[in-house]
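The values are calculated or read from the model by the stated rules, or taken from the named source; none is laboratory data. Just so it is clear, the structure is predicted and the values come from calculations on it, not from any experiment. In this analysis, Cβ positions are derived from the backbone assuming ideal geometry, glycine residues included, and neighbour counts consider all displayed protein chains.
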Amino acid sequence: MTAPAVRSPGALPYEEAGSIVELATRAPSVHNTQPWSWRVNGNDLELYADVARRLPVEDPAGRNAVVSCGAALHHCQVAARALGWKPLTIHLPVGSDKTLLARITLVPDAPSPEHVAALEALVARRTDRRRFTSWPVPDGRLHRLALTATAQGCHAVPLLESTTRFRLDLIMDRARSAQQINSAAVREQGSWIDRTRVDGIPATLVPPDPSDRDPNGRFGAGVLDEPEVEIERSDGVIVLAGATDDAEAWLRTGQGLSALWLEATGEGLSVVPLSQPIEVEQTRLSLGREVLGGLLVPHLLVRIGWQEIGRSELLRSPRRPVDDVLRP
């Protein structure tokens, strides 16, 4: 991918804004709800939460939706830099519209090779729900990925000790059990499988038996081809958290998630976000006390691991057209 030339000063063309937003909306989002909308205002791009796409059962506070928007915000910044713009970002601009999450002023700038490499990782990124191999993720890599996330203003804590991982396993079990007996949550999850051609999660990207093949699975049976072999689970786990549990902290956690994910993609690693223990109030509190020592508020977990060499590339989850999410 070749870097563009430095741009002349001037208003951001709508077509250029569309190119940036198209790349920004490749960001991951809970259940692929894509809970965002964008507006062009001169040289500004404004990011809004689309409250109509918030999950009322699993995400009544909007935490997952804002984290998803934070990931789209970081994707937007990566895309803008690679396309020749310097993004100057304000979180939660003052005003009457509480759905406005960020304003990004774009100033012409020269992209660097690092910016172009980050865009290549953005384009390559996928959510691969298949089992990881038994190859361990070195602690040093997890620490570096955590630092990448932390640079975005969130807190990222790798879980390396066996006792901590044991506590996490118990918390995960309680969260899954709580959601499995919550019929409204089960219906809500199922409604996002094969939802439409532009959102939701295709059944072809969901393993056929999450209770057996993916202990962290949450959806009903899919049809993703997965060989019937038992693979030792040795994936890394990082908790993304904040000092507070509010929109500003959630937005920064989303940016940290995106930065971590793009870095991991560039290193050949796969990332799977886990929000179940956060969505259940009891397990969210347990995670904060028993795993984070009461020092931070957990917002999201991520699993990190290796996929088998030579596996064919998965299709990308669908995305809404730019015209549906961007308005002048």
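Summed over the stretch 104-155, the residues that are more than 20 Å from the chain's Cα centre (by Cα) and within 25 Å of ALA11 (Cβ to Cβ) give a count of 9.
Give the stretch 276-326 a look and list any residue that's touching a His at 6+ places or on another chain (Cβ under 7 Å) and either more than 30 Å from ASP199 (Cβ to Cβ) or not assigned by TED's automatic domain parsing to the domain that holds ALA249 (or both), or say none.
LEU296
As a summary of the residue check, ASP173 satisfies the conditions (1) outside any loop (DSSP other than H, G, I, E, B); (2) modelled with pLDDT under 95; (3) touching a helix residue (DSSP H, G or I) at 6+ places or on another chain (Cβ under 8 Å) except for the one numbered (3). Restricting attention to the stretch 138-170, the residues that are part of a strand (DSSP E or B) and either of a type in the set (Phe, Trp, Tyr) or over 29 Å from GLY200 (Cα atoms) (or both) add up to 2. Looking at the structure I just gave you, is GLU46 of a type outside the set (Lys, Arg), touching an Asp or Glu at 6+ places or on another chain (Cβ under 8 Å) and surrounded by fewer than 24 Cβ atoms within 10 Å (Cβ to Cβ)? It is false that GLU46 is of a type outside the set (Lys, Arg), touching an Asp or Glu at 6+ places or on another chain (Cβ under 8 Å) and surrounded by fewer than 24 Cβ atoms within 10 Å (Cβ to Cβ). Here ALA156 meets the list (1) at pLDDT below 95; (2) buried (at least 21 other Cβ atoms within 10 Å of the Cβ) almost entirely, failing just condition (1).
Within the stretch 91-99, can one find any residue that is β-branched (Val, Ile, Thr), in contact with a strand residue (DSSP E or B) (Cβ under 9 Å, 6 or more places away or on another chain) and not in a loop (DSSP other than H, G, I, E, B)? Walk me through how you get there before you give the answer.
Pass one, the stretch 91-99, residues β-branched (Val, Ile, Thr): 94, 99.
Next cut, in contact with a strand residue (DSSP E or B) (Cβ under 9 Å, 6 or more places away or on another chain) only: 99.
Now restrict to residues that are not in a loop (DSSP other than H, G, I, E, B): none.
The answer is no, given that none of the residues of the stretch 91-99 is β-branched (Val, Ile, Thr), in contact with a strand residue (DSSP E or B) (Cβ under 9 Å, 6 or more places away or on another chain) and not in a loop (DSSP other than H, G, I, E, B).
Please go through the stretch 17-31 and pick out each residue that is polar (S, T, N, Q) and surrounded by fewer than 21 Cβ atoms within 10 Å (Cβ to Cβ). If the condition is that a residue be polar (S, T, N, Q) and surrounded by fewer than 21 Cβ atoms within 10 Å (Cβ to Cβ), then SER19 is the only one that fits.
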